[in-house]
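First comes the structure, then the notes that go with it.
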Amino acid sequence: MPHVWPPPGLTMLNVTVPDTATGAVRLEREPSPSWPNVLLPQQNALPSATSPHVCSRPAAMDVNGLGSGSTVGPDACRASACARIPVPVSGDLSFRSLATGWDHTCGLTDTGAAYCWAYNVGGELGDGPEAPDTGSATTLRVATAVPFVALSAGDRHTCALSEAGKAYCWGENRWAQLGPNAPDICSLADSTTFHCSKAPVAVADSLTFVQIAAGGQHTCGRTSDGAIYCWGYNEYGQLGVEPDSTQCDLGFGPSPCAPSAVLVSGGLAFATITAGGAHNCGLLASGAAYCWGDHLIGQLGDCSFRPFSALPRPVCEGHLFAELSAGSKHTCAVATDESAYCWGDNDAGALGSATFTSLGPVQVSAPLWE
């Protein structure tokens, strides 16, 4: 089967790593030849117009970002509503963490309540089976009494961990990214239907996790001993097992996917994990980085020409990292000396360097101006 990402009918975004000072997370649409792209970092620049939304959590715990209570933003970006400067999110809520998906955002309050807003075609807001699919410009309470301690947003699904370490997911389930228990049917404007869940459902309930990471069409969880388990789409081995070893049919014909959690191969103990569009990366306690899944444009950073790898591969050049974040088609990391490196797709300047797509780490360049 040809390795094509995203799956048919879906458009992915390039995701930049969160800003460690502001907590901002930016999602960038696939570039168009007519769109100006910045290849080097810009200091104090306004959010790029190629981004559907940006969210930040200031020290005071209120939130700035789209979701201001109006479907029309104060600015226009390529005929779409947007905000070029932060606008307060409606609801007068205080959040301790945020998770941004393709075109939805979720926040977690100090009490463990989850709220989501924006697009809702696949139930990714989690506000209940009777809720409309049209989305919401205001914050909506996720329909569960379970308090959560962590959130992660994928393309059109969202996952969370309970205080007991149990995984819950909601939203689109075309590729089993919610596991086997999605009870609802969602539909697109063209009447195409697919499995989904409009409220949280338990996933991999035999396992207890300390971290959850939602990718493009898959989800992974890390256990206390550092083992990684994944479920969902597996076209590129992003579940950590060979694509031909997983098969499921959720109404679109047989596909390389797994509704049940599978153990990532390799026997490594990870200290943290991050999930990208069709790849994942993790750090060992030593700071060594390993990645697995799609590598058509260098997302794994192992300096090889392989198209994908189900086995976690060490990122080349021997850098030790303190932080790691995977985007749709690229990965970035902060080294132990606080320098930043990225690898993968650089079509829109996501690597922060004037290079082409890189199969291994390249250092992020200095800002264009101070």
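Here are a few things to note about the model shown:
- Any chance Gly122 is on the phi > 0 side of the Ramachandran plot and either in contact with a Ser or Thr (Cβ under 8 Å, 6 or more places away or on another chain) or of a type in the set (Gly, Ala, Ser) (or both): no
- Residue tally, condition buried (at least 17 other Cβ atoms within 10 Å of the Cβ) and outside any loop (DSSP other than H, G, I, E, B), over region 98-139: 16
- Residues of region 204-237 that are assigned to a loop (DSSP other than H, G, I, E, B), of a type in the set (Gly, Ala, Ser) and within 15 Å of Pro180 (Cβ to Cβ): Ala204, Ser206.
- Meets criteria (among the β-branched types (Val, Ile, Thr), over 27 Å from Asp103 (Cβ atoms), surrounded by fewer than 24 Cβ atoms within 10 Å (Cβ to Cβ) and modelled with pLDDT of 95 or more) for Val210: yes
- Number of the exception - Ala285 against (1) loosely packed, with under 15 Cβ neighbours inside 10 Å; (2) over 20 Å from Ala227 (Cβ atoms): (2)
- Residues of region 166-201 satisfying the condition of being surrounded by fewer than 24 Cβ atoms within 10 Å (Cβ to Cβ) and part of a loop (DSSP other than H, G, I, E, B): Lys166, Pro180, Asn181, Pro183, Leu188, Ala189, Asp190, Ser191, Thr192
- Residues of region 306-323 classified as in a strand (DSSP E or B), surrounded by fewer than 18 Cβ atoms within 10 Å (Cβ to Cβ) and without any contact (Cβ under 8 Å) to a residue 40 or more places away in the chain, total: 2
- For region 140-154, the set of residues classified as of a type in the set (A, V, I, L, M), touching an Asp or Glu at 6+ places or on another chain (Cβ under 8 Å) and not in a loop (DSSP other than H, G, I, E, B) consists of Leu140, Val149, Ala153, listed by residue number.
- Just so you know, in region 294-305 the residues that are in contact with a Pro (Cβ under 7 Å, 6 or more places away or on another chain) and on the phi < 0 side of the Ramachandran plot include one that is surrounded by the most Cβ atoms within 10 Å (Cβ to Cβ), and it is His295.
- Count of region 247-271 residues which are in contact (Cβ under 8 Å) with a residue 60 or more places away in the chain, part of a strand (DSSP E or B) and either under 17 Å from Leu311 (Cα atoms) or of a type in the set (Asp, Glu) (or both): 3
- Scope region 156-165; condition crowded, with 24+ Cβ neighbours inside 10 Å and within 12 Å of Ala99 (Cβ to Cβ); matching residues: His157, Thr158, Cys159, Ala160
- Exactly one residue among Val142, Val149 is farther than 18 Å from Thr105 by Cβ, aliphatic (A, V, I, L, M) and at pLDDT 95 or above, and that residue is Val149.
- Unique residue being touching an Asp or Glu at 6+ places or on another chain (Cβ under 9 Å) and buried (at least 18 other Cβ atoms within 10 Å of the Cβ) when the list is Cys230, Cys257: Cys257
The values are calculated or read from the model by the stated rules, or taken from the named source; none is laboratory data. Model, not experiment: these values are computed from the prediction. Reconstructed Cβ throughout: ideal geometry from the backbone, glycine too, with neighbour counts over all protein chains shown.
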